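K.L.:
The structure is given below, and queries will be raised subsequently.
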Amino acid sequence: MSNSFKKFINTNGKTLSEIREIVKEMTQKTVKSIIRDTEKELQSEIRKKIREEVEDAEKTSKRAEKIPEPHFFETDKPQKDREELLAPDEIAYPHESIPDNLTPREQALIEKIFEMRKLRQITYNGYIVQRCAEVTFVMQGEFMSDVTDDYPRTAFFGMSMPMYAAMSNSQLRTYFTWRTDARRGKYRQTDKPYVLLYAYELLNKIGTVSSTDAFGKLLDLWENADFAKKYLDELMPRWIKDFYAFNNVSEIYPDINKFLKSDNISETDKAISEILEKNYKNKLSFLAENSAYDIKKSIFFTEENKPLFEEAAENVLNALDKFLTEKDIDIGTLLCGLPKKDHSWKPFDKAYVNLDRADGFHAVKISSSEYYCIRRGEPTLESFAFFPQRGFIGYILKSIEAQLRINTGFKRKIVPNANMLLNDLKNREKLLKAVSGEDFSDTIKKAVDDFCTKKGISPKKSSSGKSENYGFDYVQYTRKNIEIDVSKLAEIRAKSDETARKLIIEESPDEEFIREISEKISDEEFAEKITEYSNFSEELNLPQNIPENIPEEWQNFARKINPVQREILSILAEGKNADEFCRENNLLPETIFEEINCKAMETVLDIVIEHGEIIPDYLGIVKLL
C-alpha cells in the first residue's frame with residue numbers, strides 16, 4: 001500500500017482542496033478568538049486609565065482658578081516664569097488655583113466643594129457617566145445647603161442657566177456669601193445667575209423645611225430683590241404657578257392670584273377672564289375691538305351716548321347668557337374662545353427642577369383662562385385660545401344700537417343684518433337653531449328696552465307734539481317739489497351778462513366770446529333747454545338691469561336710484577373715492593350721499609353710505625346692483 005493511499009484513508013477520503021478549506025476556516029476562528037481577547041484586555045486597560053485620569057483630576061481640582069488673583073503670583077517675574085508656577089498636574093476643572101494662605105475654615109469649604117463635584121459622576125458597567133442636570137443639581141445643592149461664607153471678593157458670573165458644577169471656587173464662594181444674606185432677607189445687588197441659582201434651590205425646596213416655606217421664600221425673593229425685578233417679572237409668574245400645581249401649599253396660600261402681579265396683564269386678557277366668569281360690566285371696548293360691525297364709525301356712537309351703549313351692552317349680555325344657557329350654550333366661548341392644551345408649556349421652563357422632589361401634581365384653576373389638569377395621564381396646562389365670533393358680536397352691537405336709536409328717537413334707524421350672525425355659526429346646528437328664531441333677537445330688544453325704561457330714556461316730545469331725539473336735534477326729512485320759473489331765466493341771464501362785462505377788462509377776448517355765445521342762443525331756445533333738463537331727473541329714474549336674485553326691498557331700492565346715484569354706489573363699492581366723479585359732474589358728495597341714504601331708508605330701512613363709504617354689511621349686495 002502506497003503512502004499516498006494511506007494519507008487518503010487518514011483524511012476520510014477528503015481531497016486536497018477540501019482539506020485546504022478546513023484549515024482556512026480553523027485559522028480564521030483562531031484569529032477572531034485572539035482579537036476578541038485582545039479587545040477585552042484593551043477595553044479594561046482604557047477604563048483603568050480613564051479612572052486614573054479622572055481621580056487625578058479630582059485630586060487636583062482643589063487647586064483651580066479661572067482668573068488667578070495677582071497676589072497668587074509674583075507679578076514682577078516674566079510671564080513665562082509666572083506660568084511655570086502652575087504645574088500641569090495642578091490645572092483642574094474649572095482651571096482655578098487656590099492660594100496657600102487659606103484659613104482652616106476656608107480649607108474645609110474647598111474640601112467640601114471638591115467632594116460636591118464628585119457627585120456629578122457615577123460608574124455604570126465600567127464606564128464613568130454623568131447624571132442628568134436636574135438630579136445632579138439637587139444632589140449637589142442638598143450637599144451644600146448648609147454652607148455659609150463671608151467671601152470678600154465678588155467673582156463675575158455670566159451663565160444663562162447656572163449650576164454648581166460649572167462654577168469656579170470663587171464663584172461658588174461669592175454665591176454662598178450672597179445666599180447667606182438672602183436667607184436673612186437681605187438681597188444685595190449681584191449678577192443675575194446668582195439670583196437664578198437661589199431661585200432654582202427654592203424651586204427644588206433646597207435649604208427649606210417644607211413646600212410652604214420654599215413658596216414663601218420665592219415670593220419674598222420676587223417681592224424684595226428690587227434690582228432683579230426686570231427678569232424675575234418674566235420668569236417668576238410661571239414658576240410660581242408651576243410650583244403651586246406640583247406642591248401642596250394651598251392650605252397656607254389658598255389664593256395664588258393674590259400673589260401674581262397683574263401689571264403686565266393686557267386689557268384683553270382681563271376682559272376675557274371676567275367674561276368667562278360671567279362679569280359683563282364695562283365690556284363695550286372689548287366687544288367693539290372684536291366685532292365685524294365697526295360701531296365706532298357710527299354717527300350715533302358719540303361720547304355723549306357711549307355710557308348708554310356701555311350699560312345697555314351689559315344688560316344684553318346678561319340676558320343672552322340666560323337665554324343661551326337654557327339651551328346648553330356657553331356665551332363665553334362665542335365671545336372669547338376655548339381653553340386648549342398649551343403645547344409650549346414645560347414645567348419650570350428655564351430652570352433645573354427635579355420633579356421627583358415635588359409633592360405631586362394636582363389640578364389647579366389659576367383663572368378662567370388658565371387651568372392645570374391631567375390629560376391622558378400627563379400633567380397638562382390648558383391656556384386660552386382666543387377666537388371670538390366676530391359676526392356674532394357684530395350682530396349684538398348693531399342690534400343694541402338699532403334699539404337705542406328707536407328708544408332715543410334718533411332721526412335715522414338701522415336694521416341689523418342677520419347674515420353676519422349666521423355666517424359665523426355654520427356647521428354648528430345647536431347654536432344655529434338657537435339664534436335663528438325670533439326669540440333671540442327679541443331677547444336683545446327686550447334687554448335694551450328694559451334698560452331704557454329703568455333709566456327713563458324715551459323719545460322727547462317737542463311743543464308741537466313731534467318726537468325729538470335723545471341728545472340730538474330732530475330733523476324731519478320730506479320730499480320737496482322744486483319748480484323752475486322759466487320766464488325769469490332771461491332776466492337772470494341779462495343781469496349775469498352785465499355783471500360779467502363789469503368784471504372783464506375792456507377789449508378782452510373773453511368778452512367777445514361771451515357776446516357771441518349769448519347772441520347765438522335765443523331766449524326761446526334757452527327756456528326750452530331748461531325745461532328739458534328739468535325733466536331729466538325723472539328720466540334718470542328709469543332702472544336698468546335690476547338683478548332678480550336679490551331681496552325685494554333691494555330691488556325696490558334699485559328702481560328708485562338714478563344712473564348717477566348708481567354710478568356713485570359702483571365707485572364706492574370698488575373702494576374708491578367718489579369726490580373726483582362728483583367734481584366732474586358738478587355734484588356735492590354730501591348731498592348725493594344723503595339722497596341715496598333717504599331712498600335706502602324708504603326701501604331697505606337702513607342707510608347704505610356712512611362716512612363716504614359703503615357700510616360693510618351691504619357691500620356685497622351693492623356690488624350686484
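The values are calculated or read from the model by the stated rules, or taken from the named source; none is laboratory data. Small disclaimer: the values here were computed from a predicted structure and weren't measured. Cβ coordinates were reconstructed from backbone atoms using ideal geometry, including for glycine residues, and neighbour counts include every protein chain displayed.
K.L.:
For residues in segment 148-181 being assigned to a loop (DSSP other than H, G, I, E, B), in contact with a Pro (Cβ under 9 Å, 6 or more places away or on another chain) and of a type in the set (Gly, Ala, Ser), which is nearest to residue 107 (Cα to Cα)? Give the derivation first.
P.N.:
Step one: list which residues in segment 148-181 are assigned to a loop (DSSP other than H, G, I, E, B), which gives 148-163, 167-168.
The next check asks that each one be in contact with a Pro (Cβ under 9 Å, 6 or more places away or on another chain); those that pass are 157-162, 167-168.
Within this subset, residues satisfying the condition of being of a type in the set (Gly, Ala, Ser) are 158, 160, 168.
Details: 158: 26, 160: 29, 168: 15 Å.
Of everything passing the filter in segment 148-181, 168 is nearest to residue 107 (Cα to Cα).
K.L.:
Report yes if some residue within segment 210-231 is over 37 Å from the mean Cα position of the chain (by Cα), assigned to a loop (DSSP other than H, G, I, E, B) and among the hydrophobic types (A, V, I, L, M, F, W, C); otherwise report no. Spell out the reasoning first.
P.N.:
First pass over segment 210-231, keeping only residues over 37 Å from the mean Cα position of the chain (by Cα): none.
For segment 210-231, residues over 37 Å from the mean Cα position of the chain (by Cα), assigned to a loop (DSSP other than H, G, I, E, B) and among the hydrophobic types (A, V, I, L, M, F, W, C): absent.
K.L.:
Same structure again: Take the residues of segment 332-351 that are aliphatic (A, V, I, L, M) and at pLDDT below 90: which is farthest from the chain's Cα centre (by Cα)?
P.N.:
Our first condition is that a residue be aliphatic (A, V, I, L, M); within segment 332-351, this holds for 334-335, 338, 351.
Among the residues that remain, those that are also at pLDDT below 90 are: 334-335, 338.
Working: 334: 18, 335: 16, 338: 14 Å.
Filtering first and then ranking leaves 334.
K.L.:
Kindly indicate which of 131, 184, 188 is without any contact (Cβ under 8 Å) to a residue 40 or more places away in the chain, in contact with an Asp or Glu (Cβ under 7 Å, 6 or more places away or on another chain) and farther than 24 Å from residue 107 by Cα. Steps first, answer last, please.
P.N.:
Numbers: 131 fails: in contact with an Asp or Glu (Cβ under 7 Å, 6 or more places away or on another chain); 184 fails: in contact with an Asp or Glu (Cβ under 7 Å, 6 or more places away or on another chain).
Step by step, each of 131, 184, 188 is checked, and only 188 is without any contact (Cβ under 8 Å) to a residue 40 or more places away in the chain, in contact with an Asp or Glu (Cβ under 7 Å, 6 or more places away or on another chain) and farther than 24 Å from residue 107 by Cα.
K.L.:
Under 19 Å from residue 381 (Cβ atoms), of a type outside the set (Ser, Thr, Tyr) and touching a residue at least 24 places away in the same chain (Cβ under 8 Å): which single residue out of 235, 287, 219 fits that description?
P.N.:
Details: 287 fails: under 19 Å from residue 381 (Cβ atoms); 219 fails: under 19 Å from residue 381 (Cβ atoms).
235 is the lone residue from the list that is under 19 Å from residue 381 (Cβ atoms), of a type outside the set (Ser, Thr, Tyr) and touching a residue at least 24 places away in the same chain (Cβ under 8 Å).
K.L.:
Residues of segment 431-453 being over 35 Å from the mean Cα position of the chain (by Cα), more than 11 Å from residue 404 (Cβ to Cβ) and part of a helix (DSSP H, G or I), which ones?
P.N.:
438, 439, 442, 446, 450, 453
K.L.:
Please state which one of 229, 217, 258, 281 is surrounded by fewer than 21 Cβ atoms within 10 Å (Cβ to Cβ) and assigned by TED's automatic domain parsing to the domain that holds residue 417. Spell out the reasoning first.
P.N.:
Numbers: 229 fails: assigned by TED's automatic domain parsing to the domain that holds residue 417; 217 fails: assigned by TED's automatic domain parsing to the domain that holds residue 417; 258 fails: assigned by TED's automatic domain parsing to the domain that holds residue 417.
The match here is 281.
K.L.:
A further question follows. What do you reckon, is residue 388 in a loop (DSSP other than H, G, I, E, B), in contact with a Cys (Cβ under 9 Å, 6 or more places away or on another chain) and modelled with pLDDT of 80 or more?
P.N.:
Details: in a loop (DSSP other than H, G, I, E, B): yes; in contact with a Cys (Cβ under 9 Å, 6 or more places away or on another chain): yes; modelled with pLDDT of 80 or more: yes.
The answer is yes for residue 388.
K.L.:
Tell me which of these residue 376 doesn't satisfy, since it passes every other one: (1) in contact (Cβ under 8 Å) with a residue 40 or more places away in the chain; (2) farther than 24 Å from residue 276 by Cβ; (3) not hydroxyl-bearing (Ser, Thr, Tyr).
P.N.:
All conditions are met except number (1).
K.L.:
Moving on. Looking only at segment 251-290, how many residues end up being modelled with pLDDT under 90 and hydroxyl-bearing (Ser, Thr, Tyr)?
P.N.:
Of the residues in that region, 4 qualify.
K.L.:
Scan segment 78-120 for residues that are in contact with an Asp or Glu (Cβ under 8 Å, 6 or more places away or on another chain) and modelled with pLDDT of 90 or more and jot them down.
P.N.:
Listed by number, the list holds a single entry, 109.
K.L.:
Which residue is farthest from residue 550 (Cα to Cα), if the candidates are limited to segment 599-618 and must be at pLDDT below 85 and outside any loop (DSSP other than H, G, I, E, B)?
P.N.:
The selected residue is 610.
K.L.:
Kindly indicate whether residue 338 is out of contact with any Ser or Thr (no Cβ under 9 Å at 6 or more places or on another chain), touching a residue at least 24 places away in the same chain (Cβ under 8 Å) and either within 20 Å of residue 266 (Cβ to Cβ) or surrounded by 17 or more Cβ atoms within 10 Å (Cβ to Cβ) (or both). Explain how you work it out, then say what you get.
P.N.:
Values: out of contact with any Ser or Thr (no Cβ under 9 Å at 6 or more places or on another chain): yes; touching a residue at least 24 places away in the same chain (Cβ under 8 Å): yes; either within 20 Å of residue 266 (Cβ to Cβ) or surrounded by 17 or more Cβ atoms within 10 Å (Cβ to Cβ) (or both): yes.
Yes.
K.L.:
Here is a follow-up. Just give me the residues in segment 291-344 being closer than 25 Å to residue 609 by Cα and touching a strand residue (DSSP E or B) at 6+ places or on another chain (Cβ under 9 Å), in sequence order.
P.N.:
Hits for segment 291-344 are 297, 298, 299.
K.L.:
With the structure loaded, tell me whether residue 242 is within 30 Å of residue 191 (Cα to Cα), of a type in the set (Asp, Glu) and buried (at least 19 other Cβ atoms within 10 Å of the Cβ) or whether it fails that test.
P.N.:
Values: within 30 Å of residue 191 (Cα to Cα): yes; of a type in the set (Asp, Glu): yes; buried (at least 19 other Cβ atoms within 10 Å of the Cβ): yes.
Yes.
K.L.:
May I ask you to verify whether residue 258 is closer than 30 Å to residue 310 by Cα and more than 23 Å from the chain's Cα centre (by Cα)? Lay out the reasoning, then the answer.
P.N.:
Working: closer than 30 Å to residue 310 by Cα: yes; more than 23 Å from the chain's Cα centre (by Cα): yes.
It is true that residue 258 is closer than 30 Å to residue 310 by Cα and more than 23 Å from the chain's Cα centre (by Cα).
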